[in-house]
Amino acid sequence: MIVIDRVSVFKCLILRRDSRVTALVKHGGNIYRALLRNTGRLYDLIYPDSQVLCSLRSGGKTSMNIVGVVVNDKAALIDTYIQMRSFERACSRDLIPWLKGYVIWGREVKVGGLRIDYKIKRNDTEGYLELKSAVLLRDSYAMYPDVPSERGLKHIMLLRDLRRRGYRAIIAFIVAHPKAKAFKPHVEVDKRIGYELREAVEVGVEVYAVKMYLRLDGAIVFENPNVKCEIT
């Protein structure tokens, strides 16, 4: 386990989620609107009286970001921006063996009408990599998605097509709940995701799960670059 990043955080209490991307929180006797940089439902994490870790932000209609949700003595890292930043730091420190020798060649790359998180390159080999946040926990499994996802489905199908065209194609799920021990798709919520993942794997798309979580002091712990995936 390696501390890969740090964020200055403080504890708040959730009062209620008031939109897809904001929640009302209480801190020091005052009420604030906080930004959720995660578009999942997060219904098992963000609910009245759940304890969260926030960071200050400037500008906009919100005064803070919700970075994580306290789970006993650790926290689930729900901020997808920080998940991506931590993943990139792990790449730059050569902590991800299945990306050994590759560099990030582009970010938010437009391909086939969609944006893929990363274009990667090693010598003459090019590829594409999409990150997905998996913070829903069920029976020690981190799961994705927690709501039917048309965008997620399109990304999987695009990566499948890119692999057929000869590119390396990777989907990496960020297992961001400290209690998670493995990953699998949440087919009870979106069975199409499970089906398309299986189809993608059959043509050579690589699926990985990378575990990281948040400590209560704001340290992001990079625990495992290759958590067990069950794509059945």
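Laid out as a table, the results:
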quantity: Of all DSSP beta bridges in region 141-232, antiparallel share, percent nearest 5; calculated: 25
quantity: For Ala169, residues with placed amide H under 5 Å, excluding near neighbours; calculated: Tyr128, Glu206
quantity: Cross-link table Lys100/Lys228; Lys154/Lys191; Lys74/Lys184; Lys61/Lys181, entries beyond 25 Å C-alpha to C-alpha; calculated: Lys61/Lys181
quantity: Rg(Cα)/(2.2 N^0.38 Å) for region 11-67, N = residue count; calculated: 0.98
quantity: P(r), alpha carbons of the chain - 5 Å bins starting at zero, rounded %; calculated: 1, 7, 15, 18, 19, 17, 12, 7, 3, 1, 0, 0
quantity: Cα-based reach from Lys11 at 13 Å (exclusive), listing aspartates and glutamates while leaving out same-chain residues under 8 positions away; calculated: Asp49, Asp73, Asp217
quantity: Cβ-placed point charges (K, R +1; D, E -1), dipole of the chain about Cα centre in debye, nearest 20; calculated: 420
quantity: Trypsin sites (Lys or Arg not before Pro) within region 154-198: DSSP coil, no more than 10 neighbouring Cβ in 10 Å; calculated: Arg165
quantity: Using θ = phi - 60° and Karplus 6.51 cos²θ - 1.76 cosθ + 1.60, couplings along region 31-46 (whole Hz; Gly, Pro as x); calculated: 10, 10, 9, 10, 8, 9, 8, 7, 8, x, 5, 6, 5, 8, 10, 9
quantity: Estimated vicinal HN-Hα couplings, Hz - region 126-141 in sequence order (Karplus 6.51, -1.76, 1.60; Gly, Pro = x); calculated: 10, x, 10, 9, 10, 9, 10, 8, 10, 10, 6, 10, 9, 6, 6, 9
quantity: For region 211-226, 3J(HN,Hα) per residue [Karplus equation, 6.51 cos²θ - 1.76 cosθ + 1.60, θ = phi - 60°, Hz, x = Gly/Pro]; calculated: 9, 8, 8, 10, 8, 5, 8, x, 7, 9, 9, 9, 9, 7, x, 8
quantity: DSSP-defined antiparallel bridges as percent of all bridges, the chain, nearest 5; calculated: 70
quantity: Principal-axis tilt of helix 191-202 within the chain, Cα atoms, nearest 10 degrees; calculated: 40
quantity: For region 1-96, convex hull of alpha carbons as volume per residue, Å³; calculated: 114
quantity: Shape box of region 108-232 [Cα atoms, principal axes, largest first, Å]; calculated: 42, 34, 23
quantity: Long-range amide H partners of Val111 with built H, under 5 Å; calculated: Ile116
quantity: For Asn226, residues with placed amide H under 5 Å, excluding near neighbours; calculated: Lys211
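Only the coordinates and a few stated rules stand behind these numbers; no lab work does. This one's a predicted model, so the numbers in the text were calculated from it and none came from an experiment. Positions of Cβ are generated from backbone atoms using ideal geometry, with glycine treated the same way; all protein chains shown enter the neighbour counts.
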